[in-house]
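Chemist: Would you mind keeping the following structure in view while I ask a few things?
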Amino acid sequence: MRLLSTGDPFGCLADVIDLPTVAPPSFAELFAAHYHSMVRLAGLLGADDPEDIAQEAFARLHDRRLRDDGAALAYVRSIVCNLTRNRLRHLRLARRRALDPPEAARSSEHAVIVAEDHRELLAAVGRLPRRQREALVLRYWLDLSEREIAEAMGVSPGSVKTHTSRGLSALGRALKEDS
Amino acid sequence: MNDIEQRLRAALDARAQAFPASPGAWADTMRRTRARRLRRRLLLVPALAVAAAVAVAAVWLAGGRSEKPDDTTAVRVNGLAQLLERSLRENPPIGEVVTVPHPAFPEDPIRVWYSRAGDGQLRICSARKVTPVDDSASCGLVEPLDKEEAGRVAGVTSLFPLPAEMVAYGMARDSVGSVRVTFGDGRGFPGEVIRGRGLPAPIWTARFPGDLPEGPPAVGYDFADERGERLQRLEDILSPPCHQDRTPDGSGVPLAGGVTAYMHAGNCLVFWHDGNPVGMSSNHSYLTLGADLREPGRFPRAPVSVWAGEGQAVKGLWYGYTDERTARVELRAEDDRRVSAGTVEGFPGQGARLFGGELPDGANPSKDGAVYVGYAADGTELWRHEAVGYESSEARKPPAGEKDD
């Protein structure tokens, strides 16, 4: 039997991805700067395993090898949104889990950090339609512009405006009803 | 900003604090990139592994009747034909079986078709000649294309040394109207998108020369729609850095079973057996083997690269390299049978030691996985790596979100 094995079984071919022309530091820096916020974004969007989503998004970015940092970050954000959306759709957890992070993620100070009024508001966010929640999280947590939100959500800037406005109205109504 | 907006910001900020990031996130992500790449290359590892298995089967099927040793044409043709027939029987085609001319074997075209696994998942299969005496047939799982993906690479013919001409092929999204292979020096080579009868997705092929420009042996696959607008560009590294250098640099280090390790230019280690390369390091050309073993984010984390099992190594053998501290490497097969190999001095300045030995009878680490353990001279365990076999890695749970859309 004579077969060429072009590398080791652990990921040989992948080992040549980071050839000098690919500028690996840029990926590493991007990862260091934004990984945690992508975990948090996935968590805020309702993912049951935010780290899984964030790692997958960065792995895909690595495959794409986008050299422009701005484009790369936008790409990762959109992948986090897509993967979270898919995850929720598949597992049908959107309503049951709402914005609850996984149990393991709760710190001992969690109950203190998330004050009661936050809970009420977050519960209302969790009940919003998926698109409205995405728009609100991207707008009010990541402080993205309408254009950036549109890119992340894969919709037009006009839709972002609509989702944001409807989301805020719905929150207002929900809070009034609760009080 | 109104009250709700302010409260929303504060609430989201507070909630965000509850999502931690694990310290091993970087390594885990690197592991994924490697796993994804392996899967996307059509599952090249399984393909090679299966290639070994089916080539043996082909010999059995075609050669069991004691053909004359010099009757290579008859054996060769019968081998591929019977292998194809068997593979089609075991993996019934969905739609047409596409024929792609093979530049190295004009009389033996590549066959590509879709099939479904037992669980209903789509697979793309191919059968082709690998060398004049080896045939390959394999199927690989086709995960659903992501929204931003227009196609995937399923296979590329001969990679080392780069031949005069190669063919790449794979699957494409329905919206793909054309595909083009591009080189870093601007050259482009149009391919073909085949919409055969009953195919669940188009199959693309592209033929291109092996005289790649200097630098990493990279090509791009540009997918465009019917109007010529680019849908996606896939970049692909065709082979490790020593792809064009077939001549060993200096004398070799003999290992078990007739395998000899040679250094080539660019810190490239190649294991040779019976005149054929049977394993090649994939370190960057600017890194010695030892430096590569210490690279942060490297996978596996353990300082070892090993070839073992069908499709990765010479049948019945395992071999590789490890760091300078390791005096002995133990292989624990899936059924816990163990073999070990002492390490021998490698090449000057490379900072690595070599090892090699025979596998336990019938063991196939590439398929079933194995645990590798490195020991110091005094018997202290230095490192351990659990390698997952391709069978279990294919059967594993798909990553988040990949089964949608």
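Chemist: Go over the candidates B:338, B:328 one by one and state the one that is free of Cβ contacts under 8 Å to residues at least 24 places away in the same chain, over 30 Å from residue B:23 (Cβ atoms) and over 22 Å from the mean Cα position of the chain (by Cα).
Modeler: B:338
Chemist: Read through the list (1) more than 16 Å from the chain's Cα centre (by Cα); (2) modelled with pLDDT of 80 or more; (3) open to solvent by 10 Å² or more (accessible area, probe 1.4 Å), then give the number of the only condition that residue B:144 fails.
Modeler: So residue B:144 meets the others, but not (2).
Chemist: With segment B:274-388 as the region, which strands (runs of 3 or more DSSP E) entirely inside it contain at least 1 residues that are within 11 Å of chain A (Cβ to nearest Cβ) and among the aliphatic types (A, V, I, L, M)?
Modeler: Working: elements: B:276-280, B:304-308, B:317-323, B:328-333, B:338-342, B:352-358, B:370-375, B:381-387.
Result: B:276-280, B:304-308, B:317-323, B:370-375, B:381-387.
Chemist: Under 9 Å by Cβ, and 6 or more places apart or on different chains, what pairs join a residue from segment B:217-234 that is in contact (Cβ under 8 Å) with a residue 60 or more places away in the chain with one that is part of a strand (DSSP E or B) and among the acidic types (Asp, Glu)?
Modeler: So the pair list comes out as B:221/B:235; B:221/B:236; B:231/B:222; B:232/B:222; B:234/B:222.
Chemist: Evaluate the following for residue B:176: is it touching an Asp or Glu at 6+ places or on another chain (Cβ under 9 Å) and surrounded by 21 or more Cβ atoms within 10 Å (Cβ to Cβ)? Even if it seems obvious, please write down each step before you answer.
Modeler: Working: touching an Asp or Glu at 6+ places or on another chain (Cβ under 9 Å): yes; surrounded by 21 or more Cβ atoms within 10 Å (Cβ to Cβ): yes.
When the stated conditions are applied, residue B:176 passes them.
Chemist: Additional query: Only residues that are within 20 Å of the chain's Cα centre (by Cα) and more than 13 Å from chain B (Cβ to nearest Cβ): list them for segment A:153-179, please. Explain how you work it out, then say what you get.
Modeler: The first filter runs over segment A:153-179 and keeps only residues within 20 Å of the chain's Cα centre (by Cα), leaving A:153-157, A:159-161, A:163-164, A:167.
Result: A:156, A:157, A:159, A:160, A:161, A:163.
Chemist: Pick from B:261, B:265: which is exposed (fewer than 15 other Cβ atoms within 10 Å of the Cβ), over 19 Å from the mean Cα position of the chain (by Cα) and either assigned by TED's automatic domain parsing to the domain that holds residue B:325 or at pLDDT 85 or above (or both)? Talk me through it step by step, then tell me what you get.
Modeler: On the way: B:261 fails: exposed (fewer than 15 other Cβ atoms within 10 Å of the Cβ).
Only one candidate passes the filter, namely B:265.
Matching residues to (1) closer than 21 Å to residue B:105 by Cβ; (2) open to solvent by 20 Å² or more (accessible area, probe 1.4 Å); (3) assigned by TED's automatic domain parsing to the domain that holds residue B:247:
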site: B:126; (1), (2), (3): yes, no, no
site: B:150; (1), (2), (3): no, no, no
site: B:169; (1), (2), (3): yes, no, no
site: B:181; (1), (2), (3): yes, no, no
site: B:185; (1), (2), (3): no, yes, no
site: B:199; (1), (2), (3): no, yes, no
site: B:214; (1), (2), (3): no, yes, no
site: B:228; (1), (2), (3): no, yes, no
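Chemist: Let me ask something else about it. Exactly one of (1) open to solvent by 40 Å² or more (accessible area, probe 1.4 Å); (2) within 12 Å of chain B (Cβ to nearest Cβ); (3) in contact with a helix residue (DSSP H, G or I) (Cβ under 7 Å, 6 or more places away or on another chain) is unmet by residue A:135. Its number?
Modeler: It fails just one condition, (1).
Chemist: Quick check, is residue B:388 at pLDDT 90 or above, surrounded by fewer than 20 Cβ atoms within 10 Å (Cβ to Cβ) and under 30 Å from residue A:51 (Cα atoms)? Working first, answer last.
Modeler: Numbers: at pLDDT 90 or above: no; surrounded by fewer than 20 Cβ atoms within 10 Å (Cβ to Cβ): yes; under 30 Å from residue A:51 (Cα atoms): yes.
Criteria not met by residue B:388.
Chemist: Can I ask one more? Restricting attention to segment A:1-56, which residues are in a loop (DSSP other than H, G, I, E, B) and at pLDDT 75 or above? Walk me through it before giving the result.
Modeler: Quick first cut of segment A:1-56, residues in a loop (DSSP other than H, G, I, E, B) only: A:1-11, A:16-19, A:23, A:45-49.
Across segment A:1-56, the qualifying residues are A:45, A:46, A:47, A:48, A:49.
The values are calculated or read from the model by the stated rules, or taken from the named source; none is laboratory data. For clarity, every value in this text was computed on a predicted model and none was experimentally measured. Don't worry about glycine lacking a Cβ; one is built from the backbone with ideal geometry, like all the others, and counts go over all protein chains shown. Just the protein is used for accessible areas: all its heavy atoms, side chains included, with ligands, DNA and RNA removed. Shrake-Rupley method; radii C 1.70, N 1.55, O 1.52, S 1.80 Å.
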